[in-house]
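Where a number appears in this text, it was derived from the coordinates with a stated rule and is not lab data. What you are looking at is a predicted structure, and each value in this text was computed from that prediction instead of being measured. Glycine gets a Cβ as well: all are built from the backbone with ideal geometry, and neighbour counts include every protein chain shown.
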Amino acid sequence: MLTWHAHENAVTALAFGPDGRFLVSAGGDNSVRMWDPLSGVEQARIVLRHSLAMVPDRAHPLRKIFLSCGGEHVAVHRERSGLIFVDRAAFRVFATQWAATIVGPCLGPDGASVLGLVESPLMGMRKCVQYSLADGSVADLPRVVDWSARAIAFAPDGSQVAIGRQLWHWPSVDSSRGTNIDMKRYEPEDLAFSADNQHLFALVGGKIVVYGLPGGLYRTKLKGHNGRITAMALTPDGSRLWTASRDATVKCWDTHALTLDRTYTFQTGGLDCLAVSPDGNVAAVGSGQKGTITLWDLG
């Protein structure tokens, strides 16, 4: 394992480059930094302040990082705010999207865009919007979802998308309602599909709940953590789900058998974020208390 101090307080987001040769992090100090994952040496950094001076940055932390399939462009999501687009080579901001509050963004199946939910107060709904990673441009999609929806995930083959508590075919211009997922009144904070499209994993209230597909019926909960689960990430082949928790552990789950495979315990306090390298061989977690990043080999 390799551990280093990365940010002045919490590490709030992590993402590996598409070739695994660099790691990008965001922190509670409002900086975004790029690292050599083999040595933990910092390669670049930029400080991102909120566009509105009267809004405290701590109320809108940098929560997610997305990279284009070639790794040239980075998008950083500021919670309950918008997206910031960074050129990785120069490590400078080249575009921002602050016109509307963007919720639950995820990387699109094309690897070249980010999809997010934008609040539309006049409609009392949220609409799907697609943002280009190359230039930050916007394209509205013919999809309107419930106001409470705050998470998006795509199936591995790109044929389906889960938005909040519903499943939709993708891509589709049909504006009819999707298939309801049996979540009662709970709204997922994050979503992920298994590799075989048989299960949908939902981060709900700090716990992982599993739903069967295609019907969206409740299957079970993944039990094992003693604290709130803060992040989850699939291996590239979708066969394993990794979860990080405030109990300072990371657990690996078999997405087919729905069983616990292994557990890692850390001495860096509660964990806030998690990432798995594109080849599935390395994982990274960020401490929500000590500002450290820890990398380790999954082999």
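Remind me, relative contact order of region 172-299 in percent, using alpha carbon pairs under 8 angstrom and six or more residues apart?
15 percent
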(request) Return the label of the correct value of log10 I(q)/I(0) by the Debye sum over Cα atoms at q = 0.07, 0.16 Å⁻¹, as calculated from the structure shown, out of (1) -0.24, -1.40; (2) -0.39, -1.34; (3) -0.30, -1.27. (result) (1)
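What ranking, highest mean first, results for peptides 105-112, 81-88, 216-223 when packing means the other Cβ atoms within 10 Å averaged over each residue?
81-88, 105-112, 216-223
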(message) Cross-link candidates for LYS221: which lysines have Cα within less than 18 Å, leaving aside residues fewer than 8 places away along the same chain?
(response) LYS184, LYS207, LYS251
(message) Defining a contact as two alpha carbons under 8 Å apart and six or more residues distant in sequence, what relative contact order in percent does the chain show?
(response) 15 percent
(request) May I ask for the net charge around ALA195, where only other residues with Cβ less than 15 Å from the Cβ of ALA195 are counted and Lys, Arg are +1 while Asp, Glu are -1? (result) -4
(request) Which order do the peptides 225-232, 162-169 take when ranked by the mean count of other beta-carbon atoms within 10 Å per residue, highest first? (result) 162-169, 225-232
(message) I need HIS256, HIS7 ordered by Cβ neighbour count within 10 Å, fewest first.
(response) HIS256, HIS7
(request) Give the relative contact order (percent, whole number) for region 224-299; include only Cα pairs under 8 Å separated by 6+ residues. (result) 23 percent
(request) Arrange the following residues from fewest to most other Cβ atoms within 10 Å of their Cβ: LYS184, LYS207, LYS251, LYS290. (result) LYS184, LYS207, LYS290, LYS251
